[in-house]
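> This is the structure I want to talk about, given as C-alpha cells.
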Amino acid sequence: MKSLKKIMKVVILGIVLLAPLLPAAVSAETEGAPDLKVVLKRLDDLFRSASSVGSMELTIVKPRRKHILKLKIWTQGEDKALIVIEAPERDKGTSTLKVGKNLWNYLPKINRTIRIPPSMMQSSWMGSDFTNDDLVKESSLLKDFDSRMAGRSEDPPGWKIELTAKPGLVGLWERIEYLVDSEGGLPREARFYDRRNRLARIMTFDEIKTFSGRTIPAHLTLIPIDTDGKPEPDTRTEMRYLEVKFNLPVPDSTFSLSELERNR
Amino acid sequence: MTISFSTLKIAWRNLGRNRRRTLLSVGAIALGQFTLITVNGLDAGYFESMLRIVTGPLIGHVQVHHPKWREEQAVDQYLDNLSEAEKEIRALPNVKSVSARVFSAALAAPGERGRQPAEAEMGMVVGVDVSAENRQGGILASLPPADLPGPGSVVLGKVLAQRLKLTPGKTIAVISQDTDGLPVSNIFRVNALIQGGNELISRLGIVMALKDAQGFLALPNQAHEIIILGDDYRKAGELAERVKSLPALKNAEVITWKEAFPVIVRLIGMKNWIDLIFLVILFIAAAAGIANTMMMSTFERTREFGMLLALGTRPGRLIRMIAWESVILGLVGVALGSILGTIVVLITSHTGIDYGALGGIRGQELSFQGLTISYVVYPKFEFHQVLFGFGAVTITAVLTSLWPALLAARLEPAEAVRS
C-alpha cells in the first residue's frame with residue numbers, strides 16, 4: 001500500500017510537471033484512450049494463470065519448407081512449464097521442462113535428458129523463431145517498461161502503446177510498440193526493437209477465442225525481422241491454441257525430471 | 001673508373017693501420033647483416049609454415065559455400081547435389097583433391113546415463129571426408145587408421161573432451177538440429193581426441209565421417225563446404241574462376257584461400273615491411289660504422305694526404321683510395337655477417353627453433369586466428385636477403401666515403417703538410 005502511494009505521488013508529480021509541456025494535439029489524440037495501466041496489466045495477465053493445460057499447433061515456416069508440430073503444454077504460474085511434442089511421429093515425445101531459469105530437453109531417441117547450457121539460450125527452440133530464452137524469461141510490461149499511450153493506430157485500428165525498457169533492465173528489448181484493439185482489451189500486434197533500437201521481430205495476434213471463460217487471441221504469429229529491417233522472406237512461426245484449460249489443478253510432480261522422461 | 005690494383009692494395013693496407021677501429025666497424029656491419037639474414041630467415045620460415053597451413057587441406061586453395069554460409073553458418077545453408085558438384089570439380093584441370101564438410105552446432109553430453117541429467121556443453125558436429133582429412137595438415141592428420149571416425153564413432157576436440165571429461169572408448173550423446181531446425185540426437189563412441197590444427201575443432205569439434213554426419217543431420221548428398229586443392233596455391237584465383245563457371249555450382253559462393261583467410265595476405269604484406277625495416281637498420285649500422293671510421297682515418301691523415309698531393313698524386317686517385325677503403329670495410333663486414341647468418345639459418349632450418357621453449361612455454365602450439373601453429377619455427381634461407389645486404393652496404397660505403405674523400409682531394413698540399 002505504501003509503495004502504491006509512493007508511485008501515485010510520483011505519477012501525480014510527473015503529470016503536474018509535464019502537463020504544460022504536452023502539446024494539445026497529443027492529448028486530443030489520446031482522448032478516449034483506455035487506461036494505460038489497466039491495459040498493460042491485462043496484456044501481462046493475458047496468458048497467465050495459476051495453472052493451465054493446453055494443446056497447441058506450432059507451425060514453423062522456412063523458405064524451403066513448412067513444419068507443423070502438435071504440442072501439449074502444462075504450466076504452473078510463470079515458473080514452471082512442460083512442453084511435449086505429440087506429432088509428427090518422428091519428433092514425438094521430445095519434451096522441454098522449464099523450472100525457473102532452468103531448461104531441460106528430453107530426447108526419446110537416445111533416452112537422455114540434457115540441460116540447456118546458458119550459452120545456448122539464444123538458440124532456436126525446436127527450429128522455431130522462438131529462442132530457448134523466450135521460454136525462460138519472465139518479463140512484465142507493467143514493471144519492466146516505461147509506457148506511454150502514443151495515440152490511435154490505423155492498421156490494425158486501435159491504440160498504440162510505446163514501451164521503453166527501464167534503465168538497468170537486462171533484456172533483449174529496448175523498446176516495444178503494442179497495438180491493442182479499440183477497447184484496449186486484446187493485443188493485435190507487437191513490434192520488438194532490440195538494444196540497438198532496430199526492429200527485430202513482429203508478433204501478431206488474431207483469431208479471438210474463448211477458452212474456459214477467458215478470451216484470448218488463439219493465433220499468434222512471430223515474424224523475425226532481418227538486420228536490413230525487412231521481414232525475413234517466408235520465415236515465421238505460428239502458434240495456434242487448440243484447447244486450453246485455465247486454473248485447473250496440475251500436480252507439482254508434473255514439472256519434475258522423472259516426469260519429463262516418463263512413458264515417452 | 002678503372003680499378004687500379006695498387007690503389008686497392010694501398011686501401012687495404014690503410015685499413016690495417018688501426019686494426020681495432022677497423023674491426024669494430026667490420027663487426028658492426030657484420031652484426032647488421034647477420035641480424036638481417038637471421039631475422040628475415042626466421043620470419044620467412046614462420047610465414048611459410050603459416051602459408052603451408054592456410055593453403056593446406058584445412059583451408060584448401062578454393063572453397064565453395066552457400067552464398068550466405070560464411071555470414072550466418074545456418075544448417076539449412078547447404079550446397080545441393082554434392083556428388084554432381086564434386087564430379088564436375090574433379091574433371092577440371094589442375095585439381096588435386098576435392099573434399100566436402102558439413103557443420104552443425106550441437107549440444108554434447110557424456111553418453112553414460114548418470115543419476116542426474118548431464119550438463120551439456122556446446123559443440124559442433126563436423127562431418128568430413130575421412131581420407132582427405134587424414135593427410136598432413138588435415139583435420140584428422142596424424143591419426144592412426146584404427147582411430148579414424150567410422151559408422152557410429154567420432155573423434156573429439158581435446159578441449160571439448162576435457163570439458164565433458166571424456167576419454168577414448170567412452171560414449172557421447174550428441175544433440176543437434178536438422179535442416180528444419182528440429183532436434184536430432186544420437187549416441188556415438190569416442191575413438192580419439194584431436195587438436196585438429198584448428199581452434200574450432202579443438203574447442204568444439206565432434207568430428208564424424210561425412211556419410212554419418214549427413215545421415216545424422218538429414219543432409220543427404222549435401223554439404224556446407226567444399227575444399228578444393230589444386231596443384232599450386234598461387235593459381236587459386238584461376239582455379240576459382242573455373243569452379244565458378246560449373247553448372248552444378250551456379251548459385252554457390254566460390255572463394256580462394258586469400259578470401260577465406262585474408263589475415264594471411266596482410267601478414268605477407270607485413271613481412272615485406274619487416275624485411276625493409278631490417279634493411280634500413282643495416283643501412284644505418286653500416287653508415288654509422290663506415291662514416292665514423294672513414295672520417296677519423298681521413299682527418300688523422302691530413303698531413304699524409306698533403307704529402308701525397310705534393311708529390312703529384314692526382315686528387316681523383318685519392319678519392320678512389322678512400323672510397324675503396326670504405327667499400328672494402330663494408331664488404332668484409334657484410335661478407336662476415338652473411339657467412340655467419342647463412343650458417344645459423346641453414347643449421348636452424350634443419351633443427352628448428354622452439355619459440356615456446358625460449359619463452360618458457362611448455363605447450364607445443366599457439367593459436368593464431370583460430371589456426372593452430374607450431375611453436376617450432378624452421379627458418380628459411382633467402383638468398384636475396386644476402387644480396388640486398390651486399391647492395392645496401394656497398395651503396396652506403398660509397399656514399400659515406402664521399403665526403404671525407406672530397407675533403408681530402410680538395411686539400412691545399414702546402415697547408416695540409418704544415419697542419
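The values are calculated or read from the model by the stated rules, or taken from the named source; none is laboratory data. In this text the structure is predicted, and so the values were computed from the model without any measurement. Virtual Cβ from ideal backbone geometry, glycine too; neighbours counted across all protein chains shown.
> In the list B:GLY389, B:GLY363, which residue meets the criterion of being in the same structural domain as B:LEU309 (by TED's automatic domain parsing) and at pLDDT below 85?
From the options B:GLY389, B:GLY363, the qualifying one is B:GLY363.
> When you look at A:THR94, is it buried (at least 21 other Cβ atoms within 10 Å of the Cβ), closer than 18 Å to A:THR237 by Cβ and either in contact with a strand residue (DSSP E or B) (Cβ under 8 Å, 6 or more places away or on another chain) or within 12 Å of another protein chain (Cβ to nearest Cβ) (or both), yes or no?
yes
> Just one of the numbered conditions (1) part of a strand (DSSP E or B); (2) without any contact (Cβ under 8 Å) to a residue 24 or more places away in the chain; (3) among the small types (Gly, Ala, Ser) is not true of A:GLY151; which one?
Tallying (1) part of a strand (DSSP E or B); (2) without any contact (Cβ under 8 Å) to a residue 24 or more places away in the chain; (3) among the small types (Gly, Ala, Ser), A:GLY151 fails exactly one: (2).
> I would also like to ask the following. Being crowded, with 18+ Cβ neighbours inside 10 Å and farther than 21 Å from A:LYS66 by Cβ: is that true of A:LEU186 here? First the steps, then the outcome.
Values: crowded, with 18+ Cβ neighbours inside 10 Å: yes; farther than 21 Å from A:LYS66 by Cβ: yes.
Yes, satisfied.
> I've got another one for you. Could you check how many residues of segment A:80-91 are in contact (Cβ under 8 Å) with a residue 24 or more places away in the chain and part of a loop (DSSP other than H, G, I, E, B)?
Of the residues in segment A:80-91, 0 are in contact (Cβ under 8 Å) with a residue 24 or more places away in the chain and part of a loop (DSSP other than H, G, I, E, B).
> Among the residues that make up segment B:283-290, is at least one of them closer than 30 Å to B:ALA11 by Cα, modelled with pLDDT of 85 or more, surrounded by 15 or more Cβ atoms within 10 Å (Cβ to Cβ) and in contact with a Leu (Cβ under 8 Å, 6 or more places away or on another chain)?
No.
> Got at least one residue in segment A:162-180 being more than 20 Å from A:LYS41 (Cβ to Cβ), among the hydroxyl-bearing types (Ser, Thr, Tyr) and at pLDDT 85 or above?
no
> To continue, here is another question. Sort out which residues of segment A:106-129 are at the interface with another protein chain (Cβ under 8 Å from one of its Cβ atoms) and in a loop (DSSP other than H, G, I, E, B), and write them in order of number.
Of segment A:106-129, the ones at the interface with another protein chain (Cβ under 8 Å from one of its Cβ atoms) are A:107, A:109-117, A:119-120, A:123-124, A:126-128.
Once the filter is applied, which keeps residues that are at the interface with another protein chain (Cβ under 8 Å from one of its Cβ atoms) and in a loop (DSSP other than H, G, I, E, B), segment A:106-129 yields A:LYS109, A:ILE110, A:ASN111, A:ILE116, A:PRO117, A:SER123, A:MET126, A:GLY127, A:SER128.
> Considering A:GLU259, A:GLU243, which residue is part of a helix (DSSP H, G or I) and acidic (Asp, Glu)?
The match here is A:GLU259.
Rundown of residues vs (1) surrounded by fewer than 22 Cβ atoms within 10 Å (Cβ to Cβ); (2) touching a residue at least 40 places away in the same chain (Cβ under 8 Å); (3) within 25 Å of B:PRO220 (Cα to Cα), yes/no style:
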| position | (1), (2), (3) |
| --- | --- |
| B:GLN116 | yes, no, no |
| B:MET124 | yes, yes, yes |
| B:GLY127 | no, yes, yes |
| B:SER142 | yes, no, no |
| B:PRO149 | no, yes, yes |
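> Looking at A:ILE60, A:ILE68, A:ILE85, which one is within 23 Å of A:LEU257 (Cα to Cα), modelled with pLDDT of 85 or more and either outside the structural domain of A:PHE205 (by TED's automatic domain parsing) or more than 21 Å from the chain's Cα centre (by Cα) (or both)? Quick ask: steps written out before the conclusion?
Details: A:ILE60 fails: within 23 Å of A:LEU257 (Cα to Cα); A:ILE68 fails: within 23 Å of A:LEU257 (Cα to Cα).
After ruling out the rest, the residue left standing is A:ILE85.
> Could you check segment B:188-203 and list, in sequence order, the residues that are at pLDDT 90 or above and crowded, with 20+ Cβ neighbours inside 10 Å?
Answer for segment B:188-203, where residues must be at pLDDT 90 or above and crowded, with 20+ Cβ neighbours inside 10 Å: B:PHE188, B:VAL190, B:ASN191, B:ALA192, B:LEU193.
> Cβ contacts < 6 Å: first residue under 16 Å from A:THR131 (Cβ atoms), restricted to segment A:217-231; second residue modelled with pLDDT under 90 and part of a strand (DSSP E or B), any location; separation 6+ or different chain. Result?
Pairs found: A:ILE223/A:PRO231; A:ILE225/A:PRO231.
> B:GLN136 versus (1) surrounded by 14 or more Cβ atoms within 10 Å (Cβ to Cβ); (2) under 27 Å from the mean Cα position of the chain (by Cα); (3) not charged (D, E, K, R): which is the lone unmet condition?
Evaluating B:GLN136 over (1) surrounded by 14 or more Cβ atoms within 10 Å (Cβ to Cβ); (2) under 27 Å from the mean Cα position of the chain (by Cα); (3) not charged (D, E, K, R) leaves (1) as the failure.
> I would also like to ask the following. Of (1) more than 14 Å from every other protein chain (Cβ to nearest Cβ); (2) assigned to a loop (DSSP other than H, G, I, E, B); (3) not charged (D, E, K, R), A:TRP74 satisfies all except one. Which?
Of (1) more than 14 Å from every other protein chain (Cβ to nearest Cβ); (2) assigned to a loop (DSSP other than H, G, I, E, B); (3) not charged (D, E, K, R), only one is false for A:TRP74: (2).
> Inspect segment A:141-159 for any residue being in contact with a helix residue (DSSP H, G or I) (Cβ under 7 Å, 6 or more places away or on another chain) and within 11 Å of another protein chain (Cβ to nearest Cβ) and give the result as yes or no.
No, segment A:141-159 has no match at all.
> A further question on this structure: Anything in segment B:1-52 that is of a type in the set (Phe, Trp, Tyr), touching a residue at least 60 places away in the same chain (Cβ under 8 Å) and over 29 Å from B:ASN272 (Cβ atoms)? List them, or say none.
The answer is B:TRP12, and nothing else.
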